[in-house]
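Heads up: the structure comes next, in structure tokens.
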Amino acid sequence: VQLQASGGGLVQAGGSLRLSCAASGSIFSIIVMGWYRQVPGTQRELVASITRDGTTNYADSAKGRFTISRDNAKNTVYLQMNSLKSEDTAVYYCYTIRAGAGAYWGQGTLVTVSS
């Protein structure tokens, strides 16, 4: 599975960004897609995930501000991020889990929120 993430960039605090991640290759049996983020020197943390049937899971820091969605026909997952804060600054990594095959990661996209 190959994951191509896009949509990162520089935004002012309070602004919005939408991340996209398209999966290609051996995409059958994908059960979960989502996003982690990582600040240099810290552990990667889950931001949000969504299953094939649309069940979502959010980190407490993302609840009420971020919305994850997916287009199964396009094998794409989106992360709409609103009311961004400086502490949201991180590299965001798209991931997916295939049944019986484990996790796959995208290349990461940098989100910088200026205060």
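The values are calculated or read from the model by the stated rules, or taken from the named source; none is laboratory data. Model, not experiment: these values are computed from the prediction. Here the Cβ is made from the backbone with ideal geometry for all residues, glycine too, and neighbour counts use every protein chain on show. What goes into the accessible areas is simple: the full protein's heavy atoms, side chains included, and nothing from ligands, DNA or RNA. Shrake-Rupley method; radii C 1.70, N 1.55, O 1.52, S 1.80 Å.
I need the full set of residues from segment 31-41 which are open to solvent by less than 60 Å² (accessible area, probe 1.4 Å) and either farther than 14 Å from Val91 by Cβ or among the acidic types (Asp, Glu) (or both), in order please.
Once the filter is applied, which keeps residues that are open to solvent by less than 60 Å² (accessible area, probe 1.4 Å) and either farther than 14 Å from Val91 by Cβ or among the acidic types (Asp, Glu) (or both), segment 31-41 yields Val32, Met33, Gly34.
Residues to consider are Arg70, Arg37; find the one that is in contact (Cβ under 8 Å) with a residue 24 or more places away in the chain, of a type in the set (Lys, Arg), touching a strand residue (DSSP E or B) at 6+ places or on another chain (Cβ under 9 Å) and within 14 Å of Gly8 (Cα to Cα).
Result of the check over Arg70, Arg37: Arg37.
Tell me the residue from Arg98, Arg70, Arg44 that is open to solvent by 50 Å² or more (accessible area, probe 1.4 Å) and of a type in the set (Lys, Arg), please.
Exactly one of Arg98, Arg70, Arg44 is open to solvent by 50 Å² or more (accessible area, probe 1.4 Å) and of a type in the set (Lys, Arg), namely Arg44.
Just one of Thr76, Thr56 is open to solvent by less than 20 Å² (accessible area, probe 1.4 Å) and either among the polar types (S, T, N, Q) or free of Cβ contacts under 8 Å to residues at least 12 places away in the same chain (or both); which is it? Write out each step before concluding.
Working: Thr56 fails: open to solvent by less than 20 Å² (accessible area, probe 1.4 Å).
None of the other options fit; the residue is Thr76.
Collect the residues in segment 52-61 that are in contact with a strand residue (DSSP E or B) (Cβ under 8 Å, 6 or more places away or on another chain) and farther than 19 Å from Thr89 by Cβ, keeping them in residue-number order.
Arg52, Gly54, Thr56, Asn57
Answer yes or no as to whether Gly64 is touching a strand residue (DSSP E or B) at 6+ places or on another chain (Cβ under 9 Å), at positive phi and either at pLDDT 95 or above or surrounded by 12 or more Cβ atoms within 10 Å (Cβ to Cβ) (or both).
yes
When segment 79-90 is examined, which residues are found to be assigned to a strand (DSSP E or B), open to solvent by less than 40 Å² (accessible area, probe 1.4 Å) and either of a type in the set (S, T, N, Q) or farther than 11 Å from Met33 by Cβ (or both)?
Met81, Ala90
Go through the residues of segment 101-114 one by one and say whether even a single one is among the hydroxyl-bearing types (Ser, Thr, Tyr), under 18 Å from Gly7 (Cβ atoms) and open to solvent by 30 Å² or more (accessible area, probe 1.4 Å).
Of segment 101-114, the ones among the hydroxyl-bearing types (Ser, Thr, Tyr) are 104, 109, 112, 114.
Now narrow it down to the ones that are under 18 Å from Gly7 (Cβ atoms): 109, 112, 114.
Okay, now just the ones that are also open to solvent by 30 Å² or more (accessible area, probe 1.4 Å), so 112, 114.
Yes: one or more hits.
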